[in-house]
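Undergrad: Pasting in a structure now, in structure tokens, and then I'll have a few things to ask.
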Amino acid sequence: MKAIILAAGYATRLRPLTERTAKPLLPVAGRPMIDTICDKIAELPDVDQVHVVTNHRFAGAFVDWANQRQGAAPVVVHDDGTTCNDDRLGAIGDIQFTIDRAGLAGDDLLVIAGDNLFDFSLADLAAFWRGKGDGSAVALYRCPDPALVRQYSIVELDENERITSFIEKPTHPTTDLCAIAIYLYRREHAALIRRYLDEGNSKDQPGNLVAWLHSRVPVYGYQFAGDWLDIGDLGQLAEADNRMRRRRGLPERAAYSPD
């Protein structure tokens with residue numbers, strides 16, 4: 001199994017913090033948030049490589065980070081060649097780019113957005129996925145904030161936890177069960193990403209791929225317990241920083257600072 005961390009966005013809502021630093025490299029409780037993601041990936045002994053796909057603007061910084069990181073699985077950084085929001089490949093385009101660049105065709109894939117902070121075990125997600133036998137899987141979170149639900153993807157499941165409905169950014173949500181950007185793709189299903197793109201579907205928002213995929217092959221929803229934060233704006237970043245500071249015994253701060 002190979003892991004792909006999506007880190008090619010420009011995080012315009014976090015400027016000026018992200019003018020010089022990629023969002024996944026911003027420190028949370030003193031460590032880059034991507035370190036926390038890699039720590040979670042390390043719970044899966046089957047993952048023998050971690051591939052970070054980023055843009056040309058921040059590729060050097062990710063290479064520097066990868067060179068000093070110590071972990072069981074080697075980290076490989078891929079520069080997708082883009083330089084701004086106008087020419088970016090989009091999250092799904094970056095998944096296919098990484099598959100092609102790293103030769104990952106034929107591998108099961110764990111795909112995680114680089115701005116996800118969560119405390120559930122990826123080993124538990126993988127056990128759930130393996131137990132289903134024939135499908136891919138996506139992690140699901142019950143979101144307590146109705147306003148935030150409209151920014152995510154809502155999911156409905158059948159009695160076997162197979163996804164029957166997947167709506168990206170619903171105007172009128174019918175459930176609080178939301179998909180987060182953590183996916184396990186069977187190798188046969190990862191091979192369909194090229195078909196998805198060739199049909200002219202959206203290259204952005206990784207949930208769009210699941211919305212297309214679940215009507216063609218089995219995709220299951222793993223409902224986890226615990227915290228999850230999608231670092232979209234400064235308020236969410238400050239909240240994540242203080243949550244992690246509490247866990248690590250560090251003093252909380254009234255406002256976020258990268259220092």
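Undergrad: Of all residues in the stretch 119-146, how many are more than 22 Å from ASP204 (Cβ to Cβ) and either part of a loop (DSSP other than H, G, I, E, B) or out of contact with any Pro (no Cβ under 9 Å at 6 or more places or on another chain) (or both)?
TA: Of the residues in the stretch 119-146, 18 are more than 22 Å from ASP204 (Cβ to Cβ) and either part of a loop (DSSP other than H, G, I, E, B) or out of contact with any Pro (no Cβ under 9 Å at 6 or more places or on another chain) (or both).
Undergrad: Next question. Kindly evaluate ASN67 against the criterion of being in contact with a Phe, Trp or Tyr (Cβ under 8 Å, 6 or more places away or on another chain) and of a type in the set (S, T, N, Q).
TA: no
Undergrad: Does the stretch 167-184 contain any residue that is surrounded by fewer than 18 Cβ atoms within 10 Å (Cβ to Cβ) and hydrophobic (A, V, I, L, M, F, W, C)?
TA: no
Undergrad: Follow-up. Considering only the stretch 240-259, state which residues are under 16 Å from LEU17 (Cβ atoms) and surrounded by fewer than 15 Cβ atoms within 10 Å (Cβ to Cβ).
TA: ARG253, ALA255, SER257, PRO258, ASP259
Undergrad: Another question, if that's okay. Within the stretch 9-27, track down each residue that is farther than 12 Å from ASP233 by Cα and either hydroxyl-bearing (Ser, Thr, Tyr) or out of contact with any Gly (no Cβ under 7 Å at 6 or more places or on another chain) (or both).
TA: Those that are farther than 12 Å from ASP233 by Cα and either hydroxyl-bearing (Ser, Thr, Tyr) or out of contact with any Gly (no Cβ under 7 Å at 6 or more places or on another chain) (or both): GLY9, TYR10, GLU19, ARG20, THR21, ALA22, LEU25, LEU26, PRO27.
Undergrad: When only residues in the stretch 56-84 that are assigned to a loop (DSSP other than H, G, I, E, B) and of a type in the set (D, E, K, R) count, which is surrounded by the most Cβ atoms within 10 Å (Cβ to Cβ)?
TA: ASP80
Undergrad: So ASP145 fits all but one of (1) touching a residue at least 40 places away in the same chain (Cβ under 8 Å); (2) over 27 Å from SER215 (Cβ atoms); (3) loosely packed, with under 15 Cβ neighbours inside 10 Å; what number is the exception?
TA: (1)
Undergrad: Anything in the stretch 107-148 that is of a type in the set (Ser, Thr, Tyr) and either touching a His at 6+ places or on another chain (Cβ under 7 Å) or under 27 Å from ARG216 (Cα atoms) (or both)? List them, or say none.
TA: SER136, TYR141
Undergrad: Could you tell me whether ARG13 is surrounded by fewer than 21 Cβ atoms within 10 Å (Cβ to Cβ), among the basic types (Lys, Arg) and outside any loop (DSSP other than H, G, I, E, B)?
TA: Yes, satisfied.
Undergrad: Does ASP87 satisfy the criteria of being more than 18 Å from the chain's Cα centre (by Cα) and surrounded by fewer than 16 Cβ atoms within 10 Å (Cβ to Cβ)?
TA: Considered against the rule, which asks whether it is more than 18 Å from the chain's Cα centre (by Cα) and surrounded by fewer than 16 Cβ atoms within 10 Å (Cβ to Cβ), ASP87 comes out as yes.
Throughout, read-outs are computed from the coordinates displayed, never taken from laboratory work. Not measured: the values here are computed from a predicted model. Glycine gets a Cβ as well: all are built from the backbone with ideal geometry, and neighbour counts include every protein chain shown.
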